[in-house]
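Step one of this worksheet: look at the structure below.
Nothing in this text is a laboratory measurement; each read-out follows from the coordinates by a stated rule. Computed from a prediction, not measured in an experiment: that's the story for all the values here. In this analysis, Cβ positions are derived from the backbone assuming ideal geometry, glycine residues included, and neighbour counts consider all displayed protein chains.
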Amino acid sequence: MKLTILGCYGPYPPAGGACSGYLVSEEGCNILLDCGNGILSRLQKHLSFQELHAVILSHLHADHISDLMIMRYGLELAYNRGLRDKPLPLYAPPEPVVEFGRLPYKNAYNLTSISEYRELKIGPFTILFKAGIHAVPAFSMRIESPSGVLVYSGDTEYHKGLKVVAEGADLFLCEANYLEADIDAGLPNHLSAAKAAQVAAAAGVKRLILTHLYPERDPALTLVEAAKNYSAAELAREGHEIII
């Protein structure tokens, strides 16, 4: 299994950066996890969007979905020219209803809702979902294949189920939008670097990569805070390819 980090910032990118988007590939099967702003351009440095087998959205905030609104034009043109014979499978939470309703576009996507109790099988991958705590319905994903286990937190506050879904993962790609000072100040909807690392340690994951980084913060502060609970914590790097 190969993970390619296309974008890693939220809720907006720094100059030259991109928001959430992660390409997972194995045995010729390519799945895109989230598709925030800047991701379509980054994706095409690695493969054509026509080579995607599915897109899975953790939740329906713009920094995780906005480039779907652009990619749909390319997919529709490819379909009309006979370069694609079917719409691209797109899996997403069904709420907010208005945002879910914006996703279908002509023959670009075949839209299916996800839930905590749904299991997807796509190529060599089995994907399980765990509901998080966020401003809108949001899901963490456990992606299993013959080569290993990748867990992606999506956006979420701390909850006990996060350790369950991350248990024993080969790689835990976890959001760390906050520092502990932000949590102490009462900011909602996200994890601190310290809490992400605490979950990783408790779940016994083999590798922790922190993502959904706040673009105006010195990333060294995020890493220092995480290292107190998980000494080998790493920061997501755009363009980084990781073999699991």
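Things worth noting here:
- Based on DSSP H segments of at least four residues, each scored -39500 (n - 2.57), the chain has a per-residue ellipticity at 222 nm of -6500 deg cm²/dmol.
- The antiparallel fraction among DSSP beta bridges confined to the chain stands at about 55%.
- Top of Ser115, Ser140, Ser48 by mean-square fluctuation, Gaussian network on the chain, Cα under 10 Å: Ser48
- Residues in region 150-160 carry Karplus couplings, in order, of 10, 10, 10, 6, x, 9, 6, 6, 5, 7, 4 Hz; the curve used is 6.51 cos²θ - 1.76 cosθ + 1.60 with θ = phi - 60°, and Gly or Pro positions show x.
- Hits among lysines - C-alpha to C-alpha of Lys2 under 30 Å, sequence gap 8 or more where chains match: Lys45, Lys86, Lys121, Lys130, Lys160, Lys163, Lys195, Lys206, Lys228
- Residue list for region 127-152, given a label point 7 angstrom along the Cα-to-Cβ vector of Glu119 and an amide N cut-off under 15 Å: 127-130, 142-146
- 0 to 90° range, to nearest 10: angle between helix 193-203 axis and the chain longest Cα axis: 90
- Label selected from (i) 16.9, 55; (ii) 21.5, 70; (iii) 17.1, 51, the criterion being Rg and Dmax of the Cα atoms in Å as computed here: (i)
- Annotation: amide H of Asn110 within the under-5 Å range of Leu88, Leu90, sequence separation 5 or more or interchain, hydrogens built in the peptide plane.
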